[in-house]
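First the structure, in the form of structure tokens, and then the observations on it.
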Amino acid sequence: MTENKRLIVIPGEVVVSGAEYLPGEWTEKRGNDIVSLRHGLAEEANKLVKVIPLSGPYHPRRGNVVIGKVENITMNGWVVDICSIDNAFLSIMEVPKFVDKDALEEVMDFGDMVVGKIWNINRRGIDLSIKQRGFGRIDEGIIININPNKVPRIIGKEGSMIKLVKDETECNITVGQNGVIWIKGENIESELLAKEAILFIAEKSFISGLTEEINKWFGERKKQKGAKK
Amino acid sequence: MEFKRPDGRKPDEFRKIKALVGIIPNADGSAMFQTGDTIAIAAVYGPKKMHPQHQQNPEKGTLRCNYNMLSFSVSERIKPGPSRRSQEISKITEWALEPSLMLDKYPNAVIDVFIHILQADAGTRCAGINAASIALAHAGIPMKGLVSSISVGKLDKTIVVDLTKSEEDWEEGEGATDIPISMTDDGKITHMQLDGNISTKQLKEAIELARKSCKKIYEVQKKALKETIKEE
């Protein structure tokens, strides 16, 4: 494999041969070969080989910020659908204010969207927490869904891409690692512009120099708007 | 004596093969596989939580295949809906694909695979397995490798590959034997059926031919999967 170049691999394909390489995420060692287990892009860094999948479900990890929908209310918390295989559970213990145990729906009702953090994953399930600023029920704004495998592209290197979109549209954007994005802006026009920008990034996520491309896109957008006026 | 196939192919020559990936936008993964006049499409949904709950397996995920021949796929219209034959082929497809999937990553979940035969000219289960294998990879399911499938057979005394319907109905000499075989890319057999008569010696020859042919099919599947990303 050439240095730092990403290769398209398919399941069962030998990514690289050599005893010195180590298998990373979604790869397996078979004899001296590192074999991919998924369809995606293979990457090598410091002899560690990993595959970045392009499709497939969201795999929850501890510490991930996610956006979900309240699906059920139980005796001591809420069941939240976070677009992964298992539902997450938000206990009333993890809510930073007083909750009336007889009226959980007053805090969050069926169908409400909630921003939370995964604080624990065990065999029994995924536990959410909203004990942090900016977390909790979503009251206004718009929600869009994208492929969770494209979330790193939306965020960009150290948040550069999402910062660009935030600055250009003057919207508050929360990106859940599960591919759900919450946009909250001053007016609907700016929210829709942010939505379009994010969908554009998701669609063009394989182009190199994407940040520049997005800058150009915003420039054209502004020109169009000016022409209309 | 030189043996002549009805369509003039050599014994080890297949019909024209074509594979496409990502043909169904609503599915999590999808593919089409065509050999000659046999066309199969496959759509993969999931992994998602298994319902009803009592069918959940806490040890590993479940693969659920659904093979369906569309009513217009053959010259004489067939009754739509599940039949004894389609149920059997659905089960066979599950068994052929399961050894290559890493279902232990998704306990309590189910992966649904829907295979539709748009046009049938023998070898539909093989085309279905080939399409399903690519569709599963496209859906991002962790797999040990792809599964390739081909039907080999014996017409009178000659071993041939990729039979058509007219060849399956061969009646001269010893008649026709049809052997659909599925293999992983490293040549391990995951499924094999046999319909007709064949000697052990010739069966071994037939399996060798299937192994060679599966390699070629694997290359087509591989190429189709690699092309998906370039487009994007």
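The values are calculated or read from the model by the stated rules, or taken from the named source; none is laboratory data. For clarity, every value in this text was computed on a predicted model and none was experimentally measured. Here the Cβ positions follow ideal geometry from the backbone for every residue, glycine too, while neighbour counts run over all protein chains shown.
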Are any residues in segment B:33-55 part of a loop (DSSP other than H, G, I, E, B) and within 11 Å of chain A (Cβ to nearest Cβ), and if so, which ones? B:50
Among the residues of segment B:117-175, write down those that are in a loop (DSSP other than H, G, I, E, B) and of a type in the set (A, V, I, L, M). B:120, B:122, B:139, B:141, B:146, B:163
From (1) in a helix (DSSP H, G or I); (2) under 25 Å from residue B:213 (Cβ atoms); (3) among the charged types (D, E, K, R), pick out the condition that doesn't hold for residue B:104. (2)
Kindly provide the set of residues from segment A:124-147 that are in the same structural domain as residue A:199 (by TED's automatic domain parsing) and farther than 14 Å from residue A:174 by Cα, ordered by number. A:147
Across segment A:195-229, what is the number of residues that are within 14 Å of chain B (Cβ to nearest Cβ), out of contact with any helix residue (DSSP H, G or I) (no Cβ under 8 Å at 6 or more places or on another chain) and not in a helix (DSSP H, G or I)? 1
Condition met for residue A:10 (more than 14 Å from chain B (Cβ to nearest Cβ) and crowded, with 17+ Cβ neighbours inside 10 Å): no
The residue from A:88, A:45 that alone is under 30 Å from residue B:43 (Cβ atoms) and not assigned by TED's automatic domain parsing to the domain that holds residue A:206 is A:88
Selection from segment A:15-45 of residues that are in contact with a helix residue (DSSP H, G or I) (Cβ under 9 Å, 6 or more places away or on another chain) and closer than 17 Å to residue B:105 by Cα: A:38, A:39
Strands (runs of 3 or more DSSP E) within segment A:28-123 that include 2 or more residues out of contact with any Pro (no Cβ under 7 Å at 6 or more places or on another chain) and within 14 Å of chain B (Cβ to nearest Cβ): A:33-36, A:40-45, A:48-53, A:65-74, A:77-81
Subset of segment B:1-23 that is in contact with a strand residue (DSSP E or B) (Cβ under 7 Å, 6 or more places away or on another chain) and buried (at least 17 other Cβ atoms within 10 Å of the Cβ) - its residue that is farthest from residue B:139 (Cα to Cα): B:5
List every residue pair whose Cβ atoms sit under 6 Å apart, with the two residues 6 or more apart in sequence or on different chains, where the first one lies in segment B:200-220 and is of a type in the set (Phe, Trp, Tyr) and the second, anywhere, is outside any helix (DSSP H, G or I). B:218/B:148; B:218/B:185
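Table: residues versus (1) within 14 Å of another protein chain (Cβ to nearest Cβ); (2) buried (at least 17 other Cβ atoms within 10 Å of the Cβ).
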| site | (1), (2) |
| --- | --- |
| B:137 | yes, yes |
| B:153 | no, yes |
| B:160 | no, yes |
| B:177 | no, yes |
| B:186 | yes, no |
| B:199 | no, no |
Among the residues of segment A:68-76, is any under 22 Å from residue A:176 (Cα atoms), within 16 Å of the chain's Cα centre (by Cα) and at pLDDT 95 or above? yes
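Condition first: acidic (Asp, Glu) and without any contact (Cβ under 8 Å) to a residue 60 or more places away in the chain. Can you find one or more residues in segment B:154-170 that meet it?
Yes - at least one qualifying residue is present in segment B:154-170.
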Return the residues of segment A:163-176 that are buried (at least 21 other Cβ atoms within 10 Å of the Cβ) and touching a strand residue (DSSP E or B) at 6+ places or on another chain (Cβ under 6 Å); say none if nothing qualifies. A:171, A:173, A:175, A:176
